[in-house]
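Encoded as structure tokens, the structure appears first; notes follow it.
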Amino acid sequence: MHLKKIFAISGSTRTKSSNLNLIKAISNSFSDQFSFTIYENLVKLPHFNPDEEPTASVHDFITQIFEADGVLICTPEYAHGVPGSLKNAIDWTVGSGAFSQKPTLLITASTDGHFGHQALLETLRVIEAKDIDSLNLLIQFIRTKVNADGEITDKETAAEIAGLMERFGQAIIS
């Protein structure tokens, strides 16, 4: 069986973030269906400037999106918005078309997350991420639902993610 390649991006730059723990939990739970590559260089991308040529790190980031069967983004909300490093990375992809018709799953996992989730959904719609309106989930109070060992401890959250991953798999093969 050929595992579908998922490029996973944590919108948090913290090394022990709840979003990275969530990505690890998803990766562990669905390793029989998907092969996950977790992107760990978000903070190394230069600030987006349309007058500058993309660096090697930017080319690598965009290439990994193109080569993946789907993209998983797990992000917190910062100050009612999208974390700057994540928005910066996505801005670098706009002219490339890397997200255009690419199945993309967005999970905003934060204390509240509502504002950042809506803002990022709009950005992903504009860059034509495939099926983003059905492939998104807002998980509030994430620290009570995922532990530091990369385990989803909340049964309702686990069930929601299982359904989301099933839809994600269908979007990839359709």
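The values are calculated or read from the model by the stated rules, or taken from the named source; none is laboratory data. Being a predicted model, the structure only gives us computed values, none of them experimental. All Cβ positions, glycine included, derive from the backbone under ideal geometry; neighbour counts span all protein chains shown. Accessible surface areas use protein heavy atoms only, side chains included; no ligands, DNA or RNA. Shrake-Rupley method; radii C 1.70, N 1.55, O 1.52, S 1.80 Å.
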Per DSSP H run of n ≥ 4, the term is -39500 (n - 2.57); total these for the chain, divide by its residue number, and report the mean residue ellipticity at 222 nm rounded to 500 deg cm²/dmol. -12000 deg cm²/dmol
Can you list, largest first and rounded to whole Å, the semi-axes you get for the stretch 22-72 by taking the square root of 5 times each eigenvalue of its Cα gyration tensor? 27, 12, 7
Taking 8 Å as the Cα distance limit and 6 or more residues as the minimum spacing, I'd like the relative contact order of the stretch 99-142 as a percentage. 60 percent
Around His47 (Cβ within 14 Å, Cβ-to-Cβ, excluding His47; K/R +1, D/E -1) the net charge comes to -2
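Which loop chymotrypsin sites (Phe, Trp or Tyr not before Pro) in the stretch 58-152, with loop taken from DSSP, have no more than 11 other Cβ atoms within 10 angstrom of their Cβ?
none
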Excluding residues fewer than 8 places away in the same chain, name every one of the lysines whose C-alpha is closer than 22 Å to that of Lys145. Lys16, Lys24, Lys155
From the Cα gyration tensor of the stretch 51-105, with a ≥ b ≥ c the square roots of its eigenvalues, which class applies: rounded if a/c is under 1.5, or else prolate if a/b is larger than b/c, or else oblate? oblate
Filter the chain for me: DSSP H helices, axial length by Cα at least 20 angstrom, mean Kyte-Doolittle hydropathy not below 0.0. List them by residue number. 155-173
Picking from Thr93, Thr144, Thr108, which is most flexible by a Gaussian network model of the chain using Cα springs under 10 Å? Thr144
Would you list the P(r) distribution for the chain, with all Cα-Cα distances sorted into 10 Å bins from 0 and each bin expressed as a whole %? 10, 42, 38, 9, 1
Proximal aspartates and glutamates to Lys4, defined as alpha-carbon separation beneath 14 angstrom and excluding residues fewer than eight positions away on the same chain: Asp32, Glu67, Asp69, Glu166
For the stretch 81-174, using Cα atoms only, the Rg and Dmax in Å read 13.9, 40
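Return a whole-number percent for the relative contact order of the chain, with Cα pairs under 8 Å and 6 or more residues apart as the contact set.
25 percent.
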For Ala8, what residues show an amide H to amide H distance below 5 Å, using hydrogens built from the backbone and excluding near sequence neighbours? Thr37, Ile38, Tyr39, Leu72
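Round to a whole number: what % of the accessible area of the chain belongs to carbon and sulfur, probe 1.4 Å?
Accessible surface attributable to carbon and sulfur in the chain totals 49 percent.
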Surface per residue (accessible, 1.4 Å probe) for the stretch 1-141, Å²: 47 Å²
Express the relative contact order of the stretch 79-174 as a whole percentage, based on alpha carbon pairs under 8 Å and six or more residues apart in sequence. 29 percent
